[in-house]
Amino acid sequence: MTGDATLSHGALRQGPAEWALLFTLVVLWGSSFMLVRVSLDAFTPLAVTAGRLLIGAGVLGLVLVAMRRRVSQQPRHWLFFLAMAPGDRWPSPRGSPES
């Protein structure tokens, strides 16, 4: 089926490697919430946020190095990055959970 965009049912089967990767993702994702809660006992929210951003940027930098890729220098890409930077910091139309 070369060139065909459809997948057969056999292509959707998961082997042990895929399950191990999924389990690793679940552990990493879930543990981040626990670690944030624990770290807030010792650090300010600003320090925790800054630390998470620095760790994330460092990991993404290592991925770029490992893949031998460079960050785009095109201004339109940086404008997109800057526009997306506030992310979930915009006020919610429903208000905060505390209100």
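Rule-based calculations on the coordinates, nothing more; no lab input. What you see is a predicted model; the values in this text were computed from it and never measured. Glycine also receives a Cβ, built like all others from the backbone with ideal geometry; neighbour counts cover every protein chain displayed.
Quick one: grab the alpha carbon gyration tensor of the range 22-64, order the square roots of its eigenvalues as a ≥ b ≥ c, and give me rounded if a/c is under 1.5, else prolate or oblate depending on whether a/b is larger than b/c. Since a/c reaches 1.5 but b/c is at least a/b, the shape of the range 22-64 is classed as oblate. Step through the residues of the range 63-80 one at a time and calculate ³J(HN,Hα) from phi using the Karplus curve (6.51 cos²θ - 1.76 cosθ + 1.60, θ = phi - 60°), rounding each to whole Hz and writing x for Gly and Pro. Each residue's phi maps through the Karplus curve to give 5, 4, 5, 5, 8, 6, 10, 10, 6, 4, 9, 6, x, 5, 5, 5, 5, 5 Hz. Annotation for residue 19 and residue 60: the two label points, set 7 Å from Cα along the Cα-Cβ direction, are 3.4 nm apart.
Applied to the range 19-31, the Karplus parametrisation 6.51 cos²θ - 1.76 cosθ + 1.60 on θ = phi - 60° returns per-residue 3J(HN,Hα) values of 5, 5, 5, 5, 4, 4, 4, 4, 5, 5, 5, x, 5 Hz, with x for Gly and Pro. Once both labels are positioned 7 Å from their Cα atoms along Cα-to-Cβ, the gap between residue 80 and residue 38 label points is 3.7 nm.
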